[in-house]
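Q: Dropping a structure here in structure tokens format, bear with me for questions.
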Amino acid sequence: MLRFLLRRLALTIPTFIALMFVTFVAIRMVPGDPVEVRVGERGISAERLEMFRHELGLDQPVWKQFADYAWQLAHGDFGSSIATNQKVLTEFAALFPATIELSVAGMLFAVLLGIPAGTIAAARRGSIYDQTLMGLSVTGYSMPIFWWGLLLIMFVAERWGLTPVSGRIDLIKYYFEPVTGFMVIDAWLSGQAGAVKDALHHLVLPAIVLGTIPLAVIARMTRSAMLEVLGEDYVRTARAKGLPIWRVIGVHALRNALIPVVTIIGLQVGALMAGAVLTETIFSWPGVGKWLIESIARRDYPALQGGVMLISSVVIGVNLLVDLTYGFINPRIRHG
Amino acid sequence: MADVVAQVSPPTVSQDVSPLRAFWDAFKENRGAVAGLFVVLLIVVIAIVADLIAPYGPNEQFRDAVRVAPMWTDGGSGRFILGTDGLGRDMLSRLIHGARISLFIGAAVMGVSFIIGVLLGLACVSLGNTVDVVVTRLMDLIMAVPSLVLAILVVAVLGPSLTNTIVAVTIVYLPRYVRLVRASAFTELSKDYVTAARVAGVGPWRLMFTTVLPNCLSPLIVQAALGVSDAILEAAALGFLGLGAQPPTAEWGTMLADAREFIRSNPWLVTLPGVAILITVVSINLAGDGLRDALDPKMRRS
């Protein structure tokens, strides 16, 4: 197990170095001068310009800049945002809980609906339920989620007034200092009446939008895994024993069908981050996705560079975790 | 006696069926796939003859008719069937021209990543270990960055435009092709017919492109078909974020971004481009699924 762990860890190191190199090169190819962004367009004296360039390390040779960059990264320093002068890591850490909260809610939505939907479709294979659910699954899988979000805002929020249009909580009614960064938990900790409910209300639409594609993928995956398992001998045995059908499907079969499904859920993390960029932009959700888009608009390259590094690191980390867990459960992977 | 003969040769499968015919017979079993293919072909035709069927030019402005409602709602008229946008441009014409742009993006991304994917994949298996490791690592890296985040990074570097959208989306989807070609080429290389070809003195180029490659094609074709829909979605997302095709280009995602400010007053401006994207992507995916099932029943989408 230890050897598997080490080998898998060693595999991620070159990926990290390459990631570092690519973001470094990419940001330096961006048109536009970062100093200009900082000082505005009115222009400054040549001396001051030189000073700024020195401060940002732009007067150094490129290889030196890369070495410095790598050195800083190794010490957990992702640079400072040009626009706000704050540490990129600090900004990211402040915004990331909002993205996690949204992702967890979206994933909950996807799993809680997707697994039952896939199970029903498999149990009633070929029926009208199966066909409807799989038709919906293709639609969900093909959904342009930025449009789906606008559609939900248009109907659910604007026309029917069931949910708020954007944001994480009603800032006029409720105010409290962030403790954990997770709005639902902070609202609960604040003890203000109705705050938790309001935070959850704000969470519903973004979670549905972000969870739609994972929902479609999970439903489909559950269905095919179930169909495979339902043909196994132990399922027939369970049926032959006279167990009720819901017990055979819901307990015996589902438990085994879930193994590939859990892996898929873990591997959805990259897709979730990509979806978060769009979802957060539509709902003005103050997470890292929206921040990344704003950084581009502000030409805040250190923020963009650090943001891409950090988001990718999270994805690499989670995928590694999924792999390790899977290797732990299934020895065939470990020794493969 | 007659019974025995009937059993030996099943009447349903005749021996001289052409591969294409066999494929079509398998494909048409799936009604959803046939419907999808039909709609895809329809959209392709619309895209090709866009100039002929669109009532107006995509960027033609009617100052007297800004944000006119579609003809079936109050205030709509037959002059603009689907209404007009914030600058008085005919929605129907823009949507029709948008089909051309989206399909062009999809086809371009598919074509370029197919070719580069095949070349890199075959390079992995034939040019030795170093090339293999470098390419595989690079592909792993691309896969580690969330698709849209990577596309955003590429566009941030190159600047937003239609061409750069294609470049960005191609980079994002390239690993799928490379990995697919590499994996199936490795499998094929260990088979007897490849050894036989080698023994017969077939050179390395010919071995790769005429002996091995054709046997790796069916999963690639399926990937290419489904890749078109992913590329269209990704490009539309970039357009929506203002990082794709730039206004006034009639790209569906860009149109949605333009329409966002009218979400309260003129909901159809938001609804129509999204419907166009959804219909296109759903039909390509349906047809692609059918293609997968018909080409290789074992490969059914998980």
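The values are calculated or read from the model by the stated rules, or taken from the named source; none is laboratory data. Since the structure is predicted, the reported quantities are computational estimates derived from the model, not experimental observations. Cβ atoms come from the backbone with ideal geometry, glycine included; neighbour counts cover every protein chain shown. Side chains are part of the model used for accessible areas, which takes the heavy atoms of the whole protein and leaves out ligands, DNA and RNA. Shrake-Rupley method; radii C 1.70, N 1.55, O 1.52, S 1.80 Å.
Q: For chain B, which whole-number percentage of the solvent-accessible area (1.4 Å probe, protein heavy atoms only) is attributable to carbon and sulfur atoms?
A: The nonpolar share, carbon plus sulfur, comes to 65 percent.
Q: I need the per residue convex hull volume for the range A:175-245, using only the alpha carbons, in cubic angstrom as a whole number.
A: Once divided by residue count, the hull of the range A:175-245 is 165 Å³.
Q: Step through the residues of the range A:71-78 one at a time and calculate ³J(HN,Hα) from phi using the Karplus curve (6.51 cos²θ - 1.76 cosθ + 1.60, θ = phi - 60°), rounding each to whole Hz and writing x for Gly and Pro.
A: Running phi through 6.51 cos²θ - 1.76 cosθ + 1.60 with θ = phi - 60° gives 4, 4, 4, 4, 9, x, 9, 9 Hz.
Q: Now for a separate question. Once you average over the residues of B:134-145, how many Cβ atoms of partner chains fall within 10 Å of each Cβ?
A: 5
Q: Let me ask something additional. Between chains A and B, what is the buried accessible area in Å², counting both sides, with a 1.4 Å probe and ligands, DNA and RNA left out, to the nearest 100?
A: When A and B are taken together, about 3800 Å² of accessible area is lost.
Q: Leaving out ligands and nucleic acids, note down the accessible area per residue over chain B with a 1.4 angstrom probe, in whole Å². Before the final figure, lay out each step's value.
A: On the way: 14260 Å² over 302 residues.
For chain B, the solvent-accessible area averages 47 Å² per residue.
Q: Using a 10 Å cut-off on Cβ to Cβ distances, tally the other chain neighbours for every residue of A:283-296 and report the average as a whole number.
A: Mean partner shielding for this stretch: 2.
Q: Take the eigenvalues of the Cα gyration tensor for the protein assembly as shown, scale each by 5, and report the square roots as semi-axes in whole Å, largest first.
A: Sorted largest first and rounded, they come to 41, 33, 30 Å.
Q: Now a separate question. Select from A:LEU133, A:LEU203, A:LEU49 the residue whose mean-square fluctuation is largest in a Gaussian network model of chain A (Cα-Cα springs shorter than 10 Å).
A: A:LEU49
Q: Here is a further query. Report, to the nearest 10°, how far helix A:288-297 tilts away from the longest principal axis of the Cα atoms in chain A, using its own Cα long axis and a range of 0 to 90°.
A: Once rounded, one gets 40 degrees.
Q: Rounded to whole Hz and in sequence order, give me ³J(HN,Hα) for the range B:275-286 from the Karplus expression 6.51 cos²θ - 1.76 cosθ + 1.60, θ = phi - 60°, writing x for Gly and Pro.
A: Residue by residue, the range B:275-286 yields 4, 4, 4, 4, 4, 4, 5, 4, 5, 5, 5, 4 Hz.
Q: Need one number: nm distance between label points at A:LEU113 and B:TYR193, each 7 Å from Cα along Cα→Cβ, rounded to one decimal.
A: 4.6 nm
Q: What number do you get for the range B:20-299 when its Cα radius of gyration is normalised by 2.2 N^0.38 Å, N = residues?
A: 1.18
Q: For chain A, state the average projected area of the convex hull of the C-alpha atoms over all orientations, rounded to one decimal in nm².
A: The number I arrive at for chain A is 23.3 nm².
Q: Same structure again: Students often get this wrong: which residues of the range B:77-116 have the backbone nitrogen under 15 Å from the point 7 angstrom along Cα-to-C-beta of B:ALA65?
A: Counting backbone N atoms under 15 Å from the label point, the list is B:77-95.
Q: Report the convex hull volume per residue for the range A:212-336, counting only C-alpha atoms, in Å³. All intermediate terms of the calculation are to be shown ahead of the outcome.
A: Values: hull volume 15.8 nm³, N = 125.
Dividing the Cα hull volume of the range A:212-336 by its residues yields 126 Å³.
Q: Still on this structure: Note down the nm distance, to one decimal, between modelled labels 7 Å out along Cα→Cβ at B:ASN215 and at A:ASP170.
A: 6.8 nm
Q: Using label points projected 7 Å from each Cα along Cα→Cβ, tell me how many nm separate A:LEU49 and B:LEU127, to one decimal.
A: Result: 4.2 nm between the two label points.
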